[in-house]
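Asks: Got a structure here, written out as structure tokens. Questions coming.
Every number here is computed from the coordinates shown, using simple stated rules; none is lab data. The structure displayed is predicted, hence computed values, not measured ones. Don't worry about glycine lacking a Cβ; one is built from the backbone with ideal geometry, like all the others, and counts go over all protein chains shown.
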Amino acid sequence: GAVVSQHPSWVICKSGTSVKIECRSLDFQATTMFWYRQFPKQSLMLMATSNEGSKATYEQGVEKDKFLINHASLTLSTLTVTSAHPEDSSFYICSARERGGGRVGFEQYFGPGTRLTVT
Amino acid sequence: GNSVTQMEGPVTLSEEAFLTINCTYTATGYPSLFWYVQYPGEGLQLLLKATKADDKGSNKGFEATYRKETTSFHLEKGSVQVSDSAVYFCALIFTGGGNKLTFGTGTQLKVEL
């Protein structure tokens, strides 16, 4: 159980276009989803926290107008990279926290990631 | 702020060798500590965790002990296998910090026959 999927697994887009990445919790309801960015040989950097039915909370330095996050249901969150540029090329990973899960609610389940390449 | 420091990789071992990956942390208060594993082409999976001092997390032959006095959570395995080749991330969560995970930079482990 506790499976999180991401779609697409990889995408190539042209500079200036937008691309949407989906994150789904397949067998549980996720009140909170997190979006991370991972650079080669580096750690995961938290971009934003997404709560179902409310606006996402962005980490310092992350442009909210560039990385649009929507968490419209308890099983789906989307990240849209708008007007993508080559420097946005990265590995994007989402995670989901189960509704009411855990003593302190900290258990997160991770998706397999999406490789974005902007040409 | 909170931070996690891991030993740099890659770590290359022969099968059946003993593994230690060091992890130390800086945090105000007493966080919960985790080890995640990322196999090639896959997302992160929780390997083990410890929520308070002196707790030992264990799974799949891996173990780590939460040492408050040295602010460490070193990962160990007595006999590694080729299938253990992956990137290992140490992480902490501090409930006073919005339940956000803070990750170390990851340590790549390569196990050879």
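Asks: Rounded to whole Å and sorted largest first, what semi-axes of the equivalent ellipsoid does the C-alpha gyration tensor of chain A yield via the square root of 5 times each eigenvalue?
Replies: 24, 14, 13
Asks: Just going by the charge dipole of the protein assembly as shown, with Lys and Arg at +1 and Asp and Glu at -1 on Cβ, which of B:9, A:85, A:11 is farthest out on the positive end?
Replies: A:85
Asks: Work out from phi, with θ = phi - 60° and the Karplus expression 6.51 cos²θ - 1.76 cosθ + 1.60, the ³J(HN,Hα) of each residue of region B:100-113, listed in order in whole Hz, and give x for Gly and Pro.
Replies: 9, 6, 10, 9, x, 7, x, 10, 7, 10, 10, 10, 10, 5
Asks: Under a point-charge model restricted to the Cβ atoms of Lys and Arg (+1) and Asp and Glu (-1), what is the dipole moment magnitude of region A:34-73 relative to its Cα centre, in debye to the nearest 20? Mind dumping the intermediate values first?
Replies: On the way: 5 positive and 4 negative charges, 28 e Å.
Dipole magnitude for region A:34-73 comes out near 140 debye.
Asks: Right, something else. Using a basic spin-label model with each label point 7 Å from the Cα along Cα→Cβ, how many nm lie between residue A:68 and residue B:55?
Replies: About 4.0 nm separates the two model spin labels.
Asks: Using the crude model of +1 on Lys and Arg Cβ and -1 on Asp and Glu Cβ, and no other charge, please compute the dipole size for chain A relative to its Cα centre, in debye to 20. Don't jump to the answer; show the numbers that get you there.
Replies: On the way: 12 positive and 10 negative charges, 15 e Å.
The calculation lands at about 80 debye.
Asks: Still on this model: Stretched out fully, how many nm does the piece from residue B:16 to residue B:39 gain, at 0.36 nm a residue minus the Cα gap? Don't jump to the answer; show the numbers that get you there.
Replies: Details: separation 23, 0.36 × 23 = 8.28 nm, distance 1.90 nm.
Answer, rounded to one decimal: 6.4 nm.
Asks: Looking at the square roots a ≥ b ≥ c of the eigenvalues of the Cα gyration tensor of the protein assembly as shown, which shape do they give, rounded for a/c under 1.5, prolate if a/b is larger than b/c, or oblate?
Replies: Details: a/c = 1.87, a/b = 1.41, b/c = 1.32.
Taking the square roots of the gyration eigenvalues as a ≥ b ≥ c, the protein assembly as shown is prolate.
Asks: For chain B, take every pair of Cα atoms, bin their distances at 10 Å starting from 0, and report each bin as a whole percent.
Replies: All Cα pairs considered, the percentages come to 15, 50, 28, 6, 0.
Asks: Nearest 5 percent is fine: what portion of the DSSP beta bridges confined to the protein assembly as shown is antiparallel? Can you show the working numbers first?
Replies: Numbers: 73 of 81 bridges.
Close to 90 percent.
Asks: Enumerate cysteines in the protein assembly as shown without a disulfide-compatible partner, where compatibility requires another Cys Cβ under 4.7 angstrom.
Replies: A:13 - these cysteines have no disulfide-compatible partner (Cβ-Cβ under 4.7 Å) in the protein assembly as shown.
Asks: Per-residue Cβ counts within 10 Å, from other chains only, averaged over B:5-16: what number is that?
Replies: On the way: counts 0, 1, 0, 1, 1, 1, 0, 0, 0, 0, 0, 0.
Average neighbour count from other chains, rounded to a whole number: 0.
Asks: Say a paramagnetic label sat at a point 7 Å from the Cα of residue A:117, along Cα to Cβ; which residues of region A:16-55 have their backbone N under 12 Å from it?
Replies: Hits in region A:16-55 for residue A:117 at 12 Å: none.
Asks: Given Cβ point charges of +1 (Lys, Arg) and -1 (Asp, Glu) and nothing else, what value in debye, to the nearest 20, does the dipole of chain B about its Cα centre take?
Replies: Working: 9 positive and 11 negative charges, 89 e Å.
Charge dipole of chain B: 420 debye, to the nearest 20.
Asks: Any idea how far the Cα center of region A:1-52 sits from the one of region B:17-39, in Å?
Replies: Comparing the Cα centres of region A:1-52 and region B:17-39, I get a distance of 23 Å.
Asks: Name the residue, out of A:90, A:43, A:25, whose mean-square fluctuation peaks in a Gaussian network model built on chain A with Cα pairs under 10 Å.
Replies: A:43
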